[in-house]
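Engineer: I'd like to ask some things about the structure below.
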Amino acid sequence: MPNFSIPLSGLTAESTALSTIANNLANQSTTGYKDTRVLFSDLFYQNLGTTGSGDLVQLGAGTQVGSLPANFTQGSVSSTGVPTDVAIQGDGFFVVQQAGVTSYTRAGNFAVDQNNFLVTSAGQDVLGYPAVNGVVNTGQAVAPIQLGAGTISPPASTSEVQIQTNLDAGATVGGSDGTFSTPVTIYDSLGTGHTLTFSFTKTAANTWSYSLSIPSTDLNPIGGVQQSGILATGTLTFDGNGNLIGPVDAKGNLINITGIKATSFADGANDLTFNWDLLNGTTPVISQVTAPSSTSSTQQDGASSGTLSNFSIGADGTITGSFSNGKTAALGQVALAGFANDEGLERVGNTDYTQTLASGQAVLGAPGTGGRGSLAGGSLELSNVDISTEFANLIVAQRAFEADAKAVTTFDQITQDTINLKQA
């Protein structure tokens, strides 16, 4: 009598294949989804005897699904421009956690929740290395990453000022064209801005006096006398080619004007000491040629306090925040997990995986280290399902299913014919 279990095992196996292919096709647009393959294996064999040459005569018992390994090849990376989106390029998984349960995922379509934590679309916290005062320590334990709820970039007092200026060599001494001024905003230790005015007056050919001042009202009186606000005075000299040649040190070398002080600020800030950089390296930035006096650029290194404006995620997972005061600082670093055997991970839905004995323990670290891939901020890794391949697999599985079904109907017909022999 025919053994119905053989074609039935084929129907069961091919049904699993069809379901797997359908699941792949259904997830062709799922972020970070990894295609699943179906691998079959034959069942045990019944020994019916031996041939005259001693070879075994064996009858197979059918087939089964041997394994359903995931295909962890890299999916295409698509740029989205969304700062919370991030794609892994290479090996590794994001580490996410919810209610104390840690999972791993390739899907980087993150968001920021109401508490300013970086979370997945399912509300899981994304784990990494939080920054302390703008410094990330990857030696610490991973924790949820908070993207600056109330994060303030602290103020920085000015220590260096530079202006790139030309003074009109054709100006007349004592004339209206022989005076020129340029304002620059500098900052004290509390982040308060003060207008520092550079005033120049031509006193002779190739010679200009200068005065640096801030409003006197920005300063407290000293000994009952209101400060003038003038912080520094002196003379600049030029040669016949308009090059700056003074002030100089004892060896005749051009020098910057250092140690300029502002004391007893009205807002209570600490006393301020800064330098006026006349040189960019060894090149003077003040010149004197026949052209209207003008300043082409100003620079200073102070800043007021600032609030977080936006952020970006770098290739090494560092989340860099940009603040309203123009400063940047690290807010944290996204961690990645690596496994000895990715195919040993257990799928738990929502593009998440959990570790098993087969996968081994997760090894956490920064992107780009320890064999872990790098990150692409503002991008997502697309599903690696190939539609043409899945359609080809679908046709093969369909034909195999139909063939097994035909074997069942054939066995059924043979069985009915056998029964009819007894009734005849």
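The values are calculated or read from the model by the stated rules, or taken from the named source; none is laboratory data. Model, not experiment: these values are computed from the prediction. Cβ: placed from backbone, ideal geometry, glycine included. Neighbour counts: every protein chain shown.
This table checks each residue for (1) touching a helix residue (DSSP H, G or I) at 6+ places or on another chain (Cβ under 9 Å); (2) in a loop (DSSP other than H, G, I, E, B); (3) farther than 30 Å from G139 by Cα; (4) at pLDDT 90 or above.
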| position | (1), (2), (3), (4) |
| --- | --- |
| Q333 | no, no, no, yes |
| L394 | yes, no, yes, yes |
| D404 | yes, no, yes, no |
| T410 | yes, no, yes, no |
| Q416 | no, no, yes, no |
| K422 | no, no, yes, no |
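Engineer: Residues S312, S297, S322: which one is closer than 30 Å to V173 by Cα and assigned to a strand (DSSP E or B)?
Structural biologist: Going through S312, S297, S322 in turn, the sole match is S297.
Engineer: Between a first residue in the stretch 296-310 that is in contact (Cβ under 8 Å) with a residue 60 or more places away in the chain and a second residue that is outside any strand (DSSP E or B) and charged (D, E, K, R), which pairs have beta carbons less than 9 Å apart while being 6 or more apart in sequence or on different chains?
Structural biologist: Within 9 Å, the pairs are Q299/D277; G302/D188; A303/K327; G306/K327.
Engineer: Filter the stretch 314-342 down to the residues that are surrounded by 18 or more Cβ atoms within 10 Å (Cβ to Cβ) and among the small types (G, A, S) and list them by number.
Structural biologist: G314, G317, G321, A329, A330, G332, A335, A337, G338
Each row is one residue, and each column tells you yes or no for (1) exposed (fewer than 14 other Cβ atoms within 10 Å of the Cβ); (2) under 27 Å from A340 (Cα atoms).
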| site | (1), (2) |
| --- | --- |
| L59 | yes, no |
| Q74 | no, yes |
| T80 | no, no |
| D85 | no, yes |
| G92 | no, yes |
| V95 | no, yes |
| R106 | no, yes |
| T120 | no, yes |
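Engineer: Among the residues that make up the stretch 310-319, is at least one of them within 37 Å of the chain's Cα centre (by Cα), within 30 Å of Q140 (Cα to Cα) and among the charged types (D, E, K, R)?
Structural biologist: The answer is yes; a qualifying residue exists.
Engineer: Hey, can you tell me all the residues within the stretch 364-381 that are among the hydrophobic types (A, V, I, L, M, F, W, C) and under 20 Å from S76 (Cβ atoms)?
Structural biologist: L375, A376, L380
Engineer: Let me spell it out: the conditions are (1) out of contact with any Lys or Arg (no Cβ under 7 Å at 6 or more places or on another chain); (2) surrounded by 14 or more Cβ atoms within 10 Å (Cβ to Cβ); (3) not small (G, A, S), and L48 meets all of them except one. Which number is the exception?
Structural biologist: (2)
Engineer: Quick one: would you say Q288 is under 29 Å from P155 (Cα atoms) and either in contact with a Phe, Trp or Tyr (Cβ under 8 Å, 6 or more places away or on another chain) or crowded, with 17+ Cβ neighbours inside 10 Å (or both)?
Structural biologist: Taking the combined requirement at face value, the residue does not satisfy it.
Engineer: Right, next: It is to be established whether one or more residues within the stretch 244-256 are closer than 14 Å to I186 by Cα and surrounded by 13 or more Cβ atoms within 10 Å (Cβ to Cβ).
Structural biologist: no
Engineer: Just to check your reading of the model, which residue among S322, S296 is hydroxyl-bearing (S, T, Y), more than 12 Å from the chain's Cα centre (by Cα) and within 22 Å of S379 (Cα to Cα)? Let's see the steps before the verdict.
Structural biologist: Details: S296 fails: within 22 Å of S379 (Cα to Cα).
Unique residue meeting the criteria: S322.
Engineer: To continue, here is another question. Just to be sure before I move on: is A17 touching a helix residue (DSSP H, G or I) at 6+ places or on another chain (Cβ under 8 Å) and not polar (S, T, N, Q) in the structure I sent?
Structural biologist: yes
Engineer: Of everything in the stretch 279-294 that's among the aliphatic types (A, V, I, L, M) and touching a residue at least 40 places away in the same chain (Cβ under 8 Å), which residue is nearest to S176 (Cα to Cα)?
Structural biologist: Only one residue tops the list, namely A291.
Engineer: Can you find even one residue in the stretch 408-421 that is within 60 Å of the chain's Cα centre (by Cα) and free of Cβ contacts under 8 Å to residues at least 60 places away in the same chain?
Structural biologist: Yes, the stretch 408-421 contains a residue that is within 60 Å of the chain's Cα centre (by Cα) and free of Cβ contacts under 8 Å to residues at least 60 places away in the same chain.
Engineer: How many residues are in a strand (DSSP E or B) and either within 16 Å of the chain's Cα centre (by Cα) or of a type outside the set (A, V, I, L, M) (or both) if we restrict to the stretch 338-367?
Structural biologist: Here the count works out to 8.
Engineer: Only one residue in T138, T151, T195 is under 24 Å from S296 (Cβ atoms), among the polar types (S, T, N, Q) and surrounded by fewer than 19 Cβ atoms within 10 Å (Cβ to Cβ). Which one?
Structural biologist: Answer to the check: T195.
Engineer: Being free of Cβ contacts under 8 Å to residues at least 12 places away in the same chain and β-branched (V, I, T) narrows it down to one of V173, V132, V184, V136, so name that one.
Structural biologist: Matching residue, one of V173, V132, V184, V136: V132.
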